[in-house]
Amino acid sequence: MSGRLAGKVAIVTGSGSGIGQAIAIRFASEGASVVVDYRNHLDQAQETASKAEAAGGKAILVKADVSNLADTQNLVDQAYAQLGRCDILVNNAGIEKSAAFWDVTEADYDTVLDINLKGAFFLTQAFVRRLRDAKQPGRVINTSSVHEDMVFPNFSTYCASKGGMRMLMRDLAVELGPLNITVNNIAPGAIATPINTKMMANKSQLEALLANIPLGRMGTPEDVAGVALFLASDDGAYVTGSTYFVDGGLIRNYHEQ
Ligand code: NAP
């Protein structure tokens, strides 16, 4: 199989829908074998796998809740057991919960931080330990958010998780650089995926949002997947420690209503 990721194996967490699904399919179209991680929706993961295979790559399904350390270890182990190696990790699984700061519960805090930050932290650890032992290079790509940098009132847990992901990425770029492992974030703005279903159904909220986006439209999961491919491919070999905003210019032009 030819392509920019020929012979590579990539884990993409939360790849049953939205951005993760588009990344898995795009990687497969460039010759990668992909580990499709899902938590609840086997049917959606199967759809990703069949589209990835139709695009020309190989795909395996692994059920793993990224907030569970045993599951994250198993995700890496399955990549090696079933596909023989693992070169690229995309920490994409994520959730958000809305609440005014004073209403945030401990349970909501733990859920958001455990999935968005702890999950990426320990899955990356499991991934790089294998690379270190095998003396192989690798790529870590995190789906962060414009909210690693930009305020999002009533989503303090989400901001804390994505802000944490920004500093985790910067720290690991330095710590893992000598192992030839690059670490970068992609910070999407408003992308049309299930996470935004409620907002997209609210006409006035959607119009207000679009007015803040210089390019005048929401992004697509494929817009994000193109940047992930760049970071995973040889073209991205000398890029580490950076955040790539994929937001139509939103972060430069946002005004809270
Ligand atoms: P999405 O369609 O809701 O996808 C999120 C995926 O994460 C789902 O497939 C979900 O699987 C999975 N997931 C959630 N918790 C998980 C867990 N504990 N273990 C494993 N998988 C889990 O939304 P999306 O927009 O593509 O979001 C992907 C990433 O992009 C997230 O990190 C999000 O914060 C980030 N992002 C999105 C936007 C946007 O506008 N869409 C903007 C900025 C950043 P289940 O359905 O099985 O739970």
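The values are calculated or read from the model by the stated rules, or taken from the named source; none is laboratory data. Model, not experiment: these values are computed from the prediction. Note: ideal-geometry Cβ built from the backbone for every residue, glycine included; neighbour counts use all protein chains shown. With ligands, DNA and RNA removed, areas are computed over all heavy atoms of the protein, side chains included. Shrake-Rupley method; radii C 1.70, N 1.55, O 1.52, S 1.80 Å.
Within segment 170-189, the presence of at least one residue that is open to solvent by 30 Å² or more (accessible area, probe 1.4 Å), of a type in the set (G, A, S) and more than 11 Å from the ligand (Cβ to nearest atom) is confirmed.
In segment 140-175, the qualifying residues are those that are assigned to a loop (DSSP other than H, G, I, E, B) and closer than 30 Å to K8 by Cα, and the one that is farthest from the chain's Cα centre (by Cα) is S145. Looking at F121, F127, just one residue is at pLDDT 95 or above, open to solvent by less than 10 Å² (accessible area, probe 1.4 Å) and in a helix (DSSP H, G or I), and that residue is F127.
For E47, the stated conditions hold: it is assigned to a helix (DSSP H, G or I) and modelled with pLDDT of 95 or more. Every residue in segment 26-62 that is within 13 Å of the ligand (Cβ to nearest atom), touching a Lys or Arg at 6+ places or on another chain (Cβ under 8 Å) and closer than 21 Å to V227 by Cα, please. Scanning segment 26-62 gives a single hit, D37. Taking segment 100-112 as the range and being assigned to a helix (DSSP H, G or I) and open to solvent by 20 Å² or more (accessible area, probe 1.4 Å) as the test, the residues that pass are F101, W102, D103, E106, A107, D108, Y109, D110, T111. Taking segment 130-152 as the range and being crowded, with 16+ Cβ neighbours inside 10 Å and β-branched (V, I, T) as the test, the residues that pass are V140, I141, T143, V146.
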